[in-house]
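One structure is given here, and the rest of the page talks about it.
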């Protein structure tokens, strides 16, 4: 049942990047219609079939249309129809109907075998090809056709089916190769984005670790009356641990950057820098309205950086994909934590949007996931676009007593 279930589940694959089937339905409808017309015209003029000619034409054309929905079902129907009509031709003594190499029959078989090869693994295609040639060839051998004509007809028929299989399998292999390349590219982009996020988070954490080291080293001299020997040793141990952690983090950062990337020394942005960011976007021609509150409790530096980067990337997307669109930026308390919302209306100048790679949304989603928050992005009912991030208070709340 497992193998049969897999065969029943075979469908015409989708084209990479579009989500639409590789083989279009309209093409199969047209092919089935052509097979129906050609078969009906040829069989009506043949002897002995009479009214059965139309029925035979429908049976020959049906598998072509069925193959678009269920490739293996279409193939099975094709084999059964060929054997059935071949036996009927033998009984009726018709020399026209039962020869599978005739063009009006070969058209249908070619289309079906192409779809099977396009949609199925190689072992399935090879099995279908073998069963088809064995079953239909056995009937063809009973036609009573002279040996030379039978040999030439069978050879041309098998070669035509083989061409259909090779073409279908080649297109399937090309599609799978494209999917593998796209998957590898997506994985590489995701790793690059995560490395960039890790570098930025390192800068934030390293700053606070430096503060810890300095405070631990200077505490014995800042406390009035001095400290005992045990407390001094404790502060020294804290200072040593903080410095060791900083060294380890710098080594990790060097590995993430790679040898060809220079270290960056400027401070990382935060929610306090959103005003300058919004103003720069306004100068680019995007009317931006802001509703930036003072979240309580105050977000940690990591969460503040995450919120800034989300707004920055969302506004960059508006500039690229919806130039001139009215945009609203909302940052403040939400039901579950710090809420960041960037929503824009449709572009003021339709048709000016640029194509994008999708990396911006990937980066925003990865940043929010790193803090255990929630992220959504999608089109609005009015034709615009909205980005929403929820950073839970458990991840963004500052520790009691202020910064470290």
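The values are calculated or read from the model by the stated rules, or taken from the named source; none is laboratory data. Since this is a predicted model, take the numbers as computed values, not measurements. Here the Cβ positions follow ideal geometry from the backbone for every residue, glycine too, while neighbour counts run over all protein chains shown.
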- Item | Selected residue [modelled with pLDDT of 75 or more, assigned to a helix (DSSP H, G or I) and either touching a helix residue (DSSP H, G or I) at 6+ places or on another chain (Cβ under 8 Å) or closer than 22 Å to residue 136 by Cα (or both)] from 60, 43 | 60
- Item | Total residues in region 287-318, condition at pLDDT below 85 and over 22 Å from residue 197 (Cβ atoms) | 5
- Does region 281-311 hold any residues that are under 20 Å from residue 370 (Cα atoms), in a helix (DSSP H, G or I) and touching a strand residue (DSSP E or B) at 6+ places or on another chain (Cβ under 8 Å), and which are they? 303, 306, 307, 310, 311
- What pairs can you find where one residue is in region 179-201 and without any contact (Cβ under 8 Å) to a residue 40 or more places away in the chain, the other is part of a helix (DSSP H, G or I), and their Cβ atoms are less than 6 Å apart, with a gap of 6+ or different chains? none
- Any chance you could count how many residues in region 383-404 are modelled with pLDDT under 85 and over 22 Å from residue 294 (Cβ atoms)? 0
- For the subset of region 96-135 comprising residues that are more than 38 Å from the chain's Cα centre (by Cα) and part of a helix (DSSP H, G or I), which member is modelled with the lowest pLDDT? 104
- Message: The conditions are (1) out of contact with any strand residue (DSSP E or B) (no Cβ under 7 Å at 6 or more places or on another chain); (2) surrounded by 11 or more Cβ atoms within 10 Å (Cβ to Cβ); (3) part of a loop (DSSP other than H, G, I, E, B); (4) modelled with pLDDT under 80, and residue 256 fails exactly one of them. Which is it?
- Response: (3)
- Being farther than 30 Å from residue 330 by Cβ, part of a helix (DSSP H, G or I) and at pLDDT 85 or above narrows 213, 237, 232, 219 down to just 237
